[in-house]
Amino acid sequence: MRLSVVGCGYLGAVHAAAMASIGHEVIGIDVDERKIEQLSSGVAPFFEPDLQELLADGLAAGRLTFSTDIADAAAATVHFIGVGTPQQKGGYAADLTYVDAAVDSLRTILKPGDLIAGKSTVPVGTAARLATRIEGSGATLVWNPEFLREGWAVKDTIEPDRLVVGVPVSDGIDGTATGEATAGGQRAADILREVYAPAVATGTPFIVTDYATAELVKVAANAFLATKISFINAMAEISEAVGADVTQLADAIGHDVRIGRRFLGAGIGFGGGCLPKDIRAFSARAEELGKGDAVGFLREVDAINLRRRERAVELAVEASGGNAFGKKIAVLGAAFKPHSDDIRDSPALDVAVRLHGLGAQVVVTDPAAIDNARRAHPQLAYTDDLDDALRAADAVIVVTEWDEYRRVLTPQHAGSLVGAKAVVDGRNCLDAAAWRAEGWRYFGMGRP
Ligand code: UGA
């Protein structure tokens with residue numbers, strides 16, 4: 001099939017390359033000329049495992065092209081929207097400028113029978129509003145939220161654990177929505193079944209809903225994940241008050257299959273370009289709907305999350321002898337999570353910046369995110385070399401659980417470099433007993 005993908009950021013670039021890899025003819029469109037140049041020459045503009053190979057294969061096969069001109073997407077029949085919906089400046093709501101602009105640009109090339117499939121995360125109600133914007137074009141709009149995780153984006157796109165499509169629904173005799181797809185909605189769902197044929201063939205659940213449900217599925221999923229992380233971090237706070245170990249607590253409750261161990265990793269909390277902004281946009285939208293109380297707990301989820309960063313700073317100060325001023329602190333990690341160079345709302349960098357603010361000589365290292373971190377926070381010192389970061393450090397803090405720190409780095413080797421053997425494990429990813437056995441003072445998050 002001939003597809004276009006409008007917006008070639010994280011979501012769009014991966015989607016375009018993945019769709020080409022399963023046999024479609026895909027054109028990626030973005031207003032950023034530099035990004036289009038990079039993608040056209042097979043260079044991924046960000047770090048994502050397997051993306052580079054997929055780009056190279058798609059370009060070589062002639063099935064994948066990129067352009068800054070929306071007119072080049074005119075031959076496509078399915079147009080995906082993958083532009084960003086960042087947090088508004090000075091507010092919690094989502095900024096929909098880019099989504100609106102994408103629809104307006106598509107309007108200039110739409111043909112009767114075309115499909116627009118929105119993938120961006122949007123506040124509930126957006127799809128219905130955008131559908132009215134393309135009225136008269138003969139095209140149909142659906143909402144097809146994306147659930148990919150950074151670091152696993154290619155796999156999650158090609159083998160998703162579910163596909164959700166919000167389609168137009170018909171009105172009943174009393175004029176209220178029935179929840180049943182219109183003929184156009186059913187046809188749109190069939191087209192997307194064809195687009196995602198390999199995943200559908202392996203039995204991936206394909207869930208057809210109305211617009212509002214599809215939009216809500218996305219934010220509900222992220223709100224649930226954020227809540228799960230903040231739940232365990234709240235247990236970490238209590239554990240700290242009584243000398244309990246939150247990692248054992250998580251293991252023990254996680255054996256209950258109704259609870260499950262995943263996303264019960266206590267530490268400095270969640271960040272990135274999705275969970276923080278999505279729970280805030282959800283709260284803002286719920287307020288607009290007069291249902292702010294229904295998701296009032298998300299404010300608490302956010303507050304717990306931010307408190308853990310403060311706690312990590314407190315521990316780093318304690319580890320450096322009660323005052324961080326003038327102390328060298330090695331900060332291991334800058335990305336918001338491993339296997340990513342993304343530093344958007346990174347708790348790791350936030351901790352580094354706060355320690356710098358307390359007068360510490362912070363040296364940050366990270367296997368992938370240093371260039372991005374340096375651009376955002378030029379006031380911090382950076383090194384690519386882990387040994388350099390550790391040399392003569394008065395304290396070490398692990399804030400992103402890269403394998404380089406949790407598996408490869410040994411307490412013996414680190415001990416031979418530092419000035420003082422004190423380590424804060426901001427992700428509870430180190431073997432505390434092994435580090436203590438080598439003479440280190442070990443500070444975990446919610447652990448004795
Ligand atoms: C998240 C969701 O997991 C995806 O399903 C969703 O598609 C995506 O947002 C999105 O909306 O685009 P992502 O932001 O890539 O994906 O990252 P996650 O793997 O969810 O991690 C988010 C943050 O939570 C990271 O900072 C991570 O370190 C933290 N985390 C995760 C914890 O603190 N503890 C855990 O147990 C798990």
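Quick note: the coordinates plus some simple rules give every number you see, no bench work behind them. All values derive from a computational prediction rather than experimental measurement. Cβ sites come from the backbone with ideal geometry, for glycine too, and all protein chains shown count toward neighbours.
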Item checked: Contact order normalised by residue count of the stretch 2-204, Cα under 8 Å, 6+ apart, percent -> 18
Checklist line | Dipole-positive endmost among ALA201, SER41, ILE304 within the chain (Cβ charges, Cα centre) | finding: ILE304
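So if I average 1/r over every pair of distinct C-alpha atoms in the stretch 2-204 and take the inverse, what Kirkwood radius in Å does that give?
Working: mean 1/r = 0.0579 Å⁻¹.
Mean inverse Cα-Cα distance, inverted, gives 17.3 Å.
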Notebook entry, point to check: How big is the gap, in Å, between the Cα center of the stretch 147-171 and the Cα center of the stretch 306-370?
Noted result: 34
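Note down the net charge around ALA177, summing +1 for each Lys or Arg and -1 for each Asp or Glu among other residues with Cβ under 11 Å from its Cβ. It would help to have the intermediate numbers written out before the result.
Values: positive: none; negative: ASP171, ASP174, GLU180, ASP210.
Neighbour charge sum, excluding ALA177 itself: -4.
Of all beta bridges DSSP finds with both residues in the stretch 1-98, what is the antiparallel percent, to the nearest 5? Write down the numbers at each step before the final one.
Working: 1 of 14 bridges.
Counting only bridges with both partners in the stretch 1-98, antiparallel ones make up about 5 percent.
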Margin query: How big is the stretch 338-424 along each principal axis, measuring the range of its Cα positions in Å and listing the largest first?
Written below: 33, 30, 18
Notebook entry, point to check: In whole Å, what three semi-axes, largest first, describe the equivalent ellipsoid of the stretch 206-322 built from its Cα gyration tensor (square root of 5 times each eigenvalue)?
Noted result: 30, 18, 12
Note to self: Highest mean first, how do 289-298, 105-114, 439-448 rank when packing is the count of other Cβ atoms within 10 Å averaged over residues?
What the structure shows: 439-448, 105-114, 289-298
Margin query: Given contacts defined as C-alpha pairs under 8 Å and at least six residues apart, what's the relative contact order of the chain, whole-number percent?
Written below: 12
Next item on the list: Find the eigenvalues of the gyration tensor of the Cα atoms of the chain, then list the square roots of 5 times those eigenvalues as equivalent ellipsoid semi-axes, largest first, in whole angstrom.
Entry: 43, 25, 19
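Arrange the following residues from fewest to most other Cβ atoms within 10 Å of their Cβ: VAL364, VAL313. Could you put the intermediate results ahead of the total?
Values: VAL364 28, VAL313 24.
Ordered from fewest to most neighbouring Cβ atoms within 10 Å, VAL364, VAL313 come out as VAL313, VAL364.
Sorted by average packing, counted as other Cβ atoms within 10 angstrom per residue and highest first, what order do 94-103, 194-203 take? Kindly include the intermediate steps, with their values, before the conclusion.
Values: 94-103: 19.8, 194-203: 13.9.
The peptides rank, most packed first, as 94-103, 194-203.
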Notebook entry, point to check: In sequence order, what are the phi-derived ³J(HN,Hα) couplings for the stretch 169-184 according to the Karplus relation 6.51 cos²θ - 1.76 cosθ + 1.60 with θ = phi - 60°, rounded to whole Hz, with x for glycine and proline?
Noted result: 10, 8, 8, x, 5, 8, x, 8, 5, 8, x, 9, 4, 6, 4, x
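Could you give me D for the stretch 210-448, from Stokes-Einstein at 20 °C and 1.002 mPa s, where the hydrodynamic radius is the Kirkwood radius over C-alpha pairs? Units µm² s⁻¹, please.
Working: Rh = 18.4 Å.
Once the numbers are plugged in, D ends up at 116 µm²/s.
Say R0 is 35 Å: what FRET efficiency, to the nearest 0.05, do ALA177 and ARG261 get from their beta-carbon distance? Before the final figure, lay out the partial values.
Numbers: r = 39 Å, r/R0 = 1.13.
Rounded to the nearest 0.05, the efficiency is 0.35.
May I ask you to list the trypsin sites (Lys or Arg not before Pro) in the stretch 135-244 that are in a DSSP loop and have at most 13 other Cβ atoms within 10 Å of their Cβ? Intermediate results must be reported in sequence, preceding the final value.
Working: sites: ARG149, LYS155, ARG162, ARG187, ARG193, LYS218, LYS228; in loops: ARG149, ARG162.
Taking the stretch 135-244 and a limit of 13 other Cβ atoms within 10 Å, the loop trypsin sites (Lys or Arg not before Pro) found are ARG162.
Can you sort SER230, SER41, SER137 from fewest to most other Cβ atoms within 10 Å of each residue's own Cβ? Walk me through the intermediate numbers first.
Working: SER230 27, SER41 11, SER137 18.
Ascending number of Cβ neighbours within 10 Å: SER41, SER137, SER230.
So for ASP403, ASP342, fewest C-beta neighbours within 10 Å to most, what's the order?
Values: ASP403 12, ASP342 24.
Fewest-to-most Cβ neighbours within 10 Å comes out as ASP403, ASP342.
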Margin query: Ranking request for peptides 243-251, 209-217: highest mean number of other beta-carbon atoms within 10 Å first, then the rest in descending order.
Written below: 209-217, 243-251
Next item on the list: Note down the magnitude of the dipole of the chain about its Cα centre, charges +1 on Lys and Arg C-beta and -1 on Asp and Glu C-beta and zero elsewhere, to the nearest 20 debye.
Entry: 740
